[in-house]
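The values are calculated or read from the model by the stated rules, or taken from the named source; none is laboratory data. Bear in mind that the values here come from a model prediction, so they are computed numbers and not experimental data. Reconstructed Cβ throughout: ideal geometry from the backbone, glycine too, with neighbour counts over all protein chains shown.
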Amino acid sequence: MRILLVEDDTQLGESLEAALRMEQYAVDWLRSGEPVRSALGATPYDLLILDLGLPVVPGMQVLRQLRADKQQLPVLLLTARNTVADKVDGLDAGADDYLTKPFEIAELFARVRALLRRNGDHKATRLQGAGISLDPVDRQVWFEDQLQTLTAREFAILEILLRNAGRFVSRARLEEGTYSWGEEVESNTVEVYISRLRKRFGSAAIETMRGVGYRIPD
Ligand code: CA
């Protein structure tokens, strides 16, 4: 699951980005509203967390623009205001939910999970393959009915492979789906994670085709 975070407050942005990554989401953080449109056009996001009080282009304008562009992704507003009129305006403009600052991080996580779950498209159903079962919203993995503990990157790679079960996925595609913008990717990183996943799920769980990529057999 990939989240776009738009927040101009550096301290809050940094802590939200770190907290969401700890929860195993890929997060891209923008400090202003102007690049949101091109970011949404270039990358498929599962959720937008949008601060209303942004410099230059206000959050409400960003929200109206993306709904005018027919972007369907769920939007969670962050707002310092808490008058009823502001909340109604935000919901009328196409937001799905809002949080008034200051808020507890646990509440943010709960809202994020609820929105991802409510979104209810194919992405929200449990993914299966090679005896593995993965719930992309609750971020849980079972293998032979045992709950597994995976790192964020292991989880992200496994999720992409299971979404494409039966098809080979290139290393570049796995890197792109696993790393947020600006993160350093070591050249053998994907191989390292694939080898860890094989140790856990058995060597037959993931096939390699040299020069093509990896797949979980159907
Ligand atoms: Ca702000």
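For this structure, a couple of remarks:
- Pairs where the first residue, in region 6-18, is more than 14 Å from the ligand (Cβ to nearest atom) and the second is hydrophobic (A, V, I, L, M, F, W, C) and outside any helix (DSSP H, G or I), C-beta under 6 Å, 6+ apart: E17/V27; E17/W29
- Only residues that are within 14 Å of the ligand (Cβ to nearest atom) and of a type outside the set (G, A, S) were counted in region 37-56, giving 7.
- Subset of region 42-90 [free of Cβ contacts under 8 Å to residues at least 24 places away in the same chain and either β-branched (V, I, T) or surrounded by fewer than 14 Cβ atoms within 10 Å (Cβ to Cβ) (or both)]: A42, A68, K70, Q72, N82, T83, V84, A85, V88
- Filtered residues of region 124-149 (kept if within 28 Å of A110 (Cβ to Cβ), touching a residue at least 60 places away in the same chain (Cβ under 8 Å) and either in contact with a Lys or Arg (Cβ under 8 Å, 6 or more places away or on another chain) or buried (at least 18 other Cβ atoms within 10 Å of the Cβ) (or both)): I132, P136, V137
- Taken over region 51-69, the criterion of being touching an Asp or Glu at 6+ places or on another chain (Cβ under 8 Å) and either of a type outside the set (D, E) or more than 19 Å from D96 (Cα to Cα) (or both) is satisfied by L52, G53, L54, P55, V56, V57, G59, M60.
- Test: residue in region 80-88 that is at pLDDT 90 or above and either over 19 Å from R111 (Cα atoms) or away from the ligand (no atom under 12 Å from the Cβ) (or both): no
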